[in-house]
Amino acid sequence: MEKIKNFINGQYHDPISKEWLDNYCPATGAIYGSIPNSSKADVENAYIAAQSAFPNWSTTSLEERSRLLIKISELIEVNLERLSEAESKDNGKPVNLARRIDIPRAASNFRFFGNAITQFSSESHESIGHDAINYTLRQPLGVVGCISPWNLPLYLFTWKIVPALAAGNCVIAKPSEITPMTAYLLGDICNEAGLPPGVLNVVHGLGTTTGQAIIEHPDIKAISFTGGTKTGAHIAKVAAPMFKKLSLELGGKNPNIIFGDCDYETMLDTTLRSSFSNQGQICLCGSRIFVEASIYDRFKADFVTKVKHLRVGHPSQEDSDIGALVSEAHLEKVMGYIKMAAKENGKILCGGHRVTVKDYEKGYYLEPTVIEISSNDCTINQEEVFGPVVTIMPFNSEDEVVRMANSVKYGLSATLWTNDLKRTMRMSHQLEAGIVWVNTWMMRDLRTPFGGTKSSGVGREGGFEALRFFTEPKNVCIKY
Ligand code: TXE
């Protein structure tokens, strides 16, 4: 049994309450470890450590901060295999996905922001005619809170903590209680790299206990959160009276819009990925597929054939395309949506059932599922399912598909398949989304702004946007 501990002031600690939670392996359904359910007292200890580390860390030179972050990046790469296996076991994702995407991206996050901070500059404005000059300081906020979800555990955990650290803040971070393992392992890596104690503190536990203690803490200056829309709304409500800075990256219900003039084979392969990567548990997945009527029947036949060939299997097997969903509760929630879609006249073209994987009968496996629908208003097209489930329906005109694409409460990403430049330009303006991909999906350049509109969140992460979020601009006006 693996016992996870809190990482506070550079050391591992049991929770003060001695309260532990079970940690499940999604591939087997078995308990394989325990994690602290940290209380307010643990968060307070983390705060004291972070607050004590802040004066030195915030005045550490940019070169030294950069060196340390890049060193951590290198150590993540050294530990690639160990971290990939841990991520796969904890989350249920295929190990080959963790090895190709999750862990390399965590390393990239450290390298990218380690470099970006040395390029981050502020502005100056000369007030001509008034003999004055203004310049803007970009000061770190102090102690900040980072709360991350279970779908891309180390990838999103580091996406939050690294810009905060690069900008000179000290961090209290909480990974999801469902996938705590790689954030736990990161503590040792930070120590090996020489990150000073207290600069990064990791507390584990339930959102309603540990997470709540972080968001309620009066001296934690900002919260960077990725998770469900409902939790995001709750955090906004709790944080508002304390005027905490908030960055909220929430759910998505993203359209994947396919026109007849697209590069068909590339579109088909990418659509398979954008539908089912990570068991469909990525906020950017294109779960609503709209296909121009002229190619609808062809697409439907080809897509369903490809989906039927996807291999659901134990995540440690290299040839598994689809691993296990993250938890039993989540599996049931996703299956509930499939049942509801069928009730609302959705036609299940393939999938729809729990899969029994030999020797791992209690694992949380689900067939990749394609549902044909006739209206964008049905529940499965309006609510975030967050599983290996997509809908398809035809459209007849650009206006009609833009209207349907925008007719949801979410606005995270949209994907467009067309070779018509004018249409691309028009629709990129019209689609209500923080990110529009044209003829590709999930191509990420870490310099670009990342985040959503409407119920998909507030604020942007990525590049200098993240460094701006984690700093306070202060204008200094000097009359000479
Ligand atoms: O998320 P929660 P859940 C969506 C997806 C999923 C749904 C719910 O649709 O089905 O959200 O997932 C912490 N104060 N996404 O319930 O609860 C929690 O401990 C402070 C989209 O797992 O939002 C975890 O660390 N923190 C998403 C984190 O919030 C609290 C990724 C996210 O958990 C808290 C995941 C509280 N009161 C789910 N309550 C995306 N945008 O990528 C919970 N938490």
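Can you work out the FRET efficiency for the pair Y12 and S294, with r the C-beta to C-beta distance and R0 = 51 Å, to the nearest 0.05?
Step by step, r from the Cβ atoms, then E = 0.25.
Ratio of Rg to Rh for the chain, alpha carbon only, Kirkwood?
Radius of gyration over Kirkwood radius for the chain works out to 0.99.
At each listed q (0.09, 0.12, 0.18 Å⁻¹), what is the log10 of I(q)/I(0) that the Debye formula gives for the range 255-445 modelled as equal alpha-carbon point scatterers?
-0.31, -0.55, -1.22
Set the Förster radius R0 to 51 Å, insert the Cβ-Cβ distance between V355 and A132 as r into 1/(1 + (r/R0)^6), and round the FRET efficiency to 0.05.
Efficiency, rounded to the nearest 0.05: 0.15.
Once label points are set 7 Å from the Cα along Cα→Cβ at both S122 and S407, what is their separation, rounded to one decimal in nm?
Reported label-point gap for S122 and S407 is 4.9 nm.
With a point put 7 Å past each Cα toward its Cβ, work out how far E400 is from I31 in nm, to one decimal.
Rounded to a tenth, the inter-label distance reads 5.4 nm.
Calculate one ³J(HN,Hα) per residue across the range 391-396 by plugging θ = phi - 60° into the Karplus curve 6.51 cos²θ - 1.76 cosθ + 1.60, and present them in order as whole Hz with x for glycine and proline.
10, 10, 7, x, 9, 10
Would you please give the residues with an amide H less than 5 Å from that of K3, counting only those at least 5 places away or on a separate chain, with H modeled from the backbone geometry?
Amide H neighbours of K3, under 5 Å, 5+ apart: S34.
So, counting K/R as plus one and D/E as minus one, what does the shell of residues with Cβ under 9 Å around W150 add up to? Intermediate values should be presented prior to the final figure.
Values: positive: none; negative: D90, E177.
It works out to a net charge of -2.
Could you check the simple spin-label distance between D319 and E216, using points 7 Å along Cα→Cβ, in nm with one decimal?
Taking the two extended label points, one gets 5.3 nm.
Choose one of A27, N56, T305: the residue whose Cα lies farthest towards the positive end of the charge dipole of the chain (beta-carbon charges +1 Lys, Arg; -1 Asp, Glu; about the Cα centre).
Comparing the listed Cα positions along the dipole, N56 ranks first.
Among N191, F276, V408, which residue has its Cα furthest toward the positive end of the charge dipole of the chain, with +1 on Lys/Arg Cβ and -1 on Asp/Glu Cβ?
After comparing all options, I get V408.
Between M425 and E265, what's the calculated FRET efficiency when r is the beta-carbon distance and R0 is 30 Å? Round to 0.05.
Numbers: r = 25 Å, r/R0 = 0.82.
E(calc), rounded to 0.05, equals 0.75.
In debye to the nearest 20, how big a dipole does the range 363-428 give about its Cα centre with +1 on each Lys and Arg Cβ and -1 on each Asp and Glu Cβ?
It comes to approximately 300 debye.
Angle, helix 296-309 long axis vs. longest principal axis of the chain, Cα atoms, 0 to 90°, nearest 10?
Orientation of helix 296-309: about 70 degrees from the principal axis.
Mind scanning K230/K347; K89/K362; K221/K409 and naming the pairs with a C-alpha gap bigger than 19 Å?
K230/K347; K221/K409
Which is farthest toward the positive dipole end of the chain among W441, N169, G363, measuring Cα position about the Cα centre, with Cβ charges +1 (Lys, Arg) and -1 (Asp, Glu)?
The Cα lying farthest towards the positive end belongs to N169.
Once you list every other residue whose beta carbon is under 15 Å from the beta carbon of K422, what net charge do they have if Lys and Arg are +1 and Asp and Glu are -1? Can you show the working numbers first?
Details: positive: R423, R426; negative: D261, E398, D399, D420.
Its environment carries a net charge of -2.
Could you give the size of the charge dipole of the range 255-445 about its Cα centre, using +1 on the Cβ of each K and R and -1 on the Cβ of each D and E, expressed in debye and rounded to the nearest 20?
My answer is approximately 280 debye.
All other residues with a Cβ under 12 Å from the Cβ of T471 taken together, and with Lys, Arg as +1 and Asp, Glu as -1, what is their net charge?
Result for the local shell: +3.
So, with +1 on the Cβ of K and R and -1 on the Cβ of D and E, and no other charges, what is the size of the charge dipole of the chain about its Cα centre, to the nearest 20 debye?
Details: 49 positive and 53 negative charges, 120 e Å.
Dipole magnitude for the chain comes out near 580 debye.
Whole-Hz Karplus ³J(HN,Hα) for the range 13-28, in order, using 6.51 cos²θ - 1.76 cosθ + 1.60 and θ = phi - 60°, x for Gly and Pro?
Calculated HN-Hα couplings, in order: 10, 5, x, 4, 6, 6, 8, 10, 10, 7, 10, 9, 9, x, 5, 10 Hz.
Laboratory data are not the source of any read-out in this text; all were calculated from the coordinates shown. None of the values given here were measured: they were computed from a predicted structure. No Cβ is skipped: glycine too gets one built from the backbone with ideal geometry, and neighbour counts run over all protein chains shown.
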